[in-house]
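Take a look at the structure below.
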Amino acid sequence: MSAFSLKIDIADNRYFNGETSPLFSRRQAQQARHFHQKITGYQPTPLYALKDLSALLGVKNILVKDESQRFGLNAFKMLGGSYAIARLLCEKYQLNIDDFSFDTLKTTIKEKMTFATTTDGNHGRGVAWAAKQLGQNAVVYMPKGSAQERVDAILKLGAECIVTDMNYDDTVRYTMKVAQENGWEVVQDTAWEGYTKIPTWIMQGYATLADEAVEQMTSMGITRPTHVFLQAGVGAMAGGVLGYLVDVYGASNLHSVVVEPELADCLYRSGVKGHIVNVGGDMATIMAGLACGEPNPLGWEVLRNCATQFISCQDAVAALGMRVLGNPLGHDPRVISGESGAVGTGILAAVHYHPQRDALMQKLGLDRDSVVLVISTEGDTDAKHYREVVWEGKHPATR
């Protein structure tokens, strides 16, 4: 068997207490899913069982939730933005979210609104999509180095899109300033003092994918996963999804691992210290959707309480995951997974081929009875770079 060593730093969460959050519960997730089910074109994204890969890697099952098939947007992010915008408008016009429909709201809105956000690509596309559905405006700011394909995808939805010369976190602050000056509504998936309601709604919206996955696992005869690998930028998706899963299964019954790129590993560092640690600089990782240096405090609280471990890894791990999912073993289905989407699977593959495989498997609690859930959060949202990785071998596992 081939052996190669990719950088995978694993930190046990010494601050784990298993406390769940009422904000990110099964009940909240199911309310969000009820909203999403009323959107034209809604259907659960597939949950694939990679049986042949599981056999190779020495676990019972690897389950991949393929979010590239979400409303034709190639990523999961619209789940949060659309739900938050709907909740915001229901609050403004005294409507019940359970009775909400885009068509009803279009006729209710009396003055055109502008929604502003910062994005690495997928979240902004989701906000632009929701604004278009409602006949509203969206202004989207992106950090320097953003791929033109991601910019174009937002522009095609009728939003204004501006690429700044700042990193993600500084762009968030700039967006807030401009939005306040113009009276725009900010729809951001990170939180700070005085800005928690909308990020909470966004995180609750993300949990729709977890509610689907639990339902799908039940239909497959799977009682529960033993492990879940959740990639994190600010930690909004990881926090929202983990909050739901621990409410369903119990935090002590789920080995949960939060995965980040080493150039933007703010949650890994926070997990080591037990308090929020920010990361600055350019954060020039290929995992653009995870290139965030300041944790969402709402997500951090859930992860600090309920995550089992934190991982910081090099970009080649994500590239390995892209190639593994895109070139399946045996009869496994093919999954087109982008840089941020594939890193969970990349960790599993990198561990398998590592010279210290057995020690890493033991560290992660992986064995023949493990059922591992991973979320492929995006497809090839930067198709050019996807081909460079999968076809041309960019970011190789060995040199």
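Looking at Ile311, is it within 25 Å of Asp170 (Cβ to Cβ) and either over 15 Å from the mean Cα position of the chain (by Cα) or in contact (Cβ under 8 Å) with a residue 12 or more places away in the chain (or both)? In short, no. Out of Leu47, Leu95, Leu56, one residue alone is assigned by TED's automatic domain parsing to the domain that holds Ala130 and either among the hydrophobic types (A, V, I, L, M, F, W, C) or loosely packed, with under 15 Cβ neighbours inside 10 Å (or both). It is Leu95.
Yes or no, residue by residue, for (1) assigned to a strand (DSSP E or B); (2) within 19 Å of Glu301 (Cα to Cα); (3) touching a strand residue (DSSP E or B) at 6+ places or on another chain (Cβ under 8 Å); (4) modelled with pLDDT under 95:
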position	(1), (2), (3), (4)
Val172	no, no, yes, yes
Val178	no, no, yes, yes
Gln188	no, yes, yes, yes
Gly205	no, yes, no, no
Ala213	no, no, yes, no
Gln216	no, no, yes, no
Phe229	yes, yes, yes, no
Gly240	no, yes, no, no
Val259	yes, yes, yes, no
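For beta carbons closer than 9 Å, sequence separation of 6+ or different chains, a first residue in the stretch 291-302 that is among the acidic types (Asp, Glu) and a second that is at pLDDT below 95 and not in a loop (DSSP other than H, G, I, E, B), the qualifying pairs are Glu294/Tyr168; Glu294/Asp169; Glu294/Val172; Glu294/Trp192. Of all the criteria given as (1) assigned to a helix (DSSP H, G or I); (2) modelled with pLDDT of 95 or more; (3) surrounded by fewer than 14 Cβ atoms within 10 Å (Cβ to Cβ), the one not satisfied by Gly18 is (1). Against the criterion of being touching a Gly at 6+ places or on another chain (Cβ under 8 Å) and either surrounded by 13 or more Cβ atoms within 10 Å (Cβ to Cβ) or not β-branched (Val, Ile, Thr) (or both), Arg27 does not qualify.
For a quick check of your reading of the model, give me the residue pairs whose first member lies in the stretch 88-102 and is under 15 Å from Ala130 (Cβ atoms), whose second is surrounded by 13 or more Cβ atoms within 10 Å (Cβ to Cβ) and of a type in the set (Gly, Ala, Ser), with beta-carbon atoms closer than 7 Å and at least 6 apart or on different chains. Note: pairs meeting the criteria are Ile97/Ala86; Phe100/Ala86. Looking across the stretch 247-276 at every residue that is touching a Phe, Trp or Tyr at 6+ places or on another chain (Cβ under 9 Å) and of a type in the set (A, V, I, L, M), the one that is nearest to Gly341 (Cα to Cα) is identified as Val259. Does Ile109 qualify as being in contact (Cβ under 8 Å) with a residue 60 or more places away in the chain and either outside the structural domain of Gly346 (by TED's automatic domain parsing) or in contact with a Ser or Thr (Cβ under 7 Å, 6 or more places away or on another chain) (or both)? Considered against the rule, which asks whether it is in contact (Cβ under 8 Å) with a residue 60 or more places away in the chain and either outside the structural domain of Gly346 (by TED's automatic domain parsing) or in contact with a Ser or Thr (Cβ under 7 Å, 6 or more places away or on another chain) (or both), Ile109 comes out as no.
Yes/no matrix, rows are residues, columns are (1) among the hydrophobic types (A, V, I, L, M, F, W, C); (2) farther than 21 Å from His36 by Cβ; (3) buried (at least 23 other Cβ atoms within 10 Å of the Cβ); (4) outside the structural domain of Ala84 (by TED's automatic domain parsing):
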residue: Thr118; (1), (2), (3), (4): no, yes, yes, no
residue: His123; (1), (2), (3), (4): no, no, yes, no
residue: Gln148; (1), (2), (3), (4): no, yes, no, no
residue: Val151; (1), (2), (3), (4): yes, yes, no, no
residue: Leu155; (1), (2), (3), (4): yes, yes, no, no
residue: Met166; (1), (2), (3), (4): yes, yes, no, no
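I need the full set of residues from the stretch 198-227 which are loosely packed, with under 13 Cβ neighbours inside 10 Å and more than 19 Å from Asn253 (Cβ to Cβ), in order please. Within the stretch 198-227, just Ser219 meets the criteria.
The values are calculated or read from the model by the stated rules, or taken from the named source; none is laboratory data. Worth saying up front: this structure is predicted, and the values here are computed from it rather than measured. We place every Cβ from the backbone using ideal geometry, glycine too, and count neighbours over all the protein chains shown.
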